[in-house]
1. For Thr8, Thr33, what ranking results if the residue with the fewest other Cβ atoms within 10 Å of its Cβ goes first?
2. List the GluC sites (Glu not before Pro) within segment 58-124 that DSSP assigns to loop and that have no more than 14 neighbouring Cβ atoms inside 10 Å.
3. In nm, give the distance between the simple-model label positions of Lys161 and Asp99, each being 7 Å from the Cα along the Cα-to-Cβ direction.
4. What would the Debye formula give as log10 I(q)/I(0) at q = 0.11, 0.16, 0.18, 0.20 Å⁻¹ for the alpha-carbon point model of segment 90-165, no solvent?
5. Give the long-range amide H neighbours of Glu122: residues separated by 5 or more places, or on another chain, with amide H under 5 Å away, using H modelled in the peptide plane at 1.01 Å from N.
6. Within a 10 angstrom radius of the beta carbon, how do His133, His46 rank from fewest other beta carbons to most?
7. Subtracting the Cα-Cα distance from 0.36 nm times the residue separation, let me have the gained length for Glu4 to Glu48 in nm, one decimal.
8. Using θ = phi - 60° and the Karplus relation 6.51 cos²θ - 1.76 cosθ + 1.60, list the HN-Hα couplings for segment 92-99 in order, rounded to whole Hz, with x at every Gly or Pro.
Amino acid sequence: MDAEERQTLSTVADYQFGSGAGVALFPPNENPTVQRTRSGRPTQIHTEADTPGGTPDGAPDGRRIVSYEDDGRFRLGLAGGERLLAALPDPMGRVVVGDESEPFVRDGKNVFAKFVSRVGEEIRPGDEVAVVHERGDLLAVGRAELSASEMRAFDTGMAVKVRNGTGE
């Protein structure tokens, strides 16, 4: 990834997740593995590979930071969720759940509104979020289905469509 592409992706991340997200996801001292379309557009960005050249079939063996979708937005991977948690102030970008939901969310099950204990005020339906336990551990990443105020107010309904859980 060259400096110009890193700057572009960092700008998109800052816009989507908040100021400081771009540097957190794409630190200047790291050389992530980038999978591209035939036209050269980045589609998936992984942490630095543990093995030069990736796996024997050519796939990267680093952890996925983000996928860069056709709509110009990022979809978080677990590595990206961890990086955002470290960079953004609590509870920004987070949906917080307690002990009752933890094992299910870790296994990739969706989060329901009645189990949400806290949520970042800025969250809107369609936003990428990190699902965390009350003690701060990352449990999963996914897409918010409700706004922050709806997650707090509703006793029923899916709050987050989980894409990846840490226990999968």
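1. Sorted ascending by nearby Cβ count, the order is Thr8, Thr33.
2. Listed in order of number, the matching sites are Glu69, Glu100, Glu121, Glu122.
3. Spacing of the two 7 Å Cα→Cβ label points: 3.2 nm.
4. Calculated log10 I(q)/I(0) at the listed q: -0.19, -0.41, -0.53, -0.67.
5. Residues meeting the amide H criterion: Gly93.
6. With the sparsest Cβ surroundings first, the list reads His133, His46.
7. So the extension gain works out to 14.0 nm.
8. 4, x, 10, 10, 9, 10, x, 4
Computed from the coordinates by the stated procedures, all read-outs in this text should not be read as laboratory data. This structure is a prediction, so every number in the text was calculated from the model and none was measured. Positions of Cβ are backbone-derived with ideal geometry, glycine not excepted, and every protein chain shown enters the neighbour counts.
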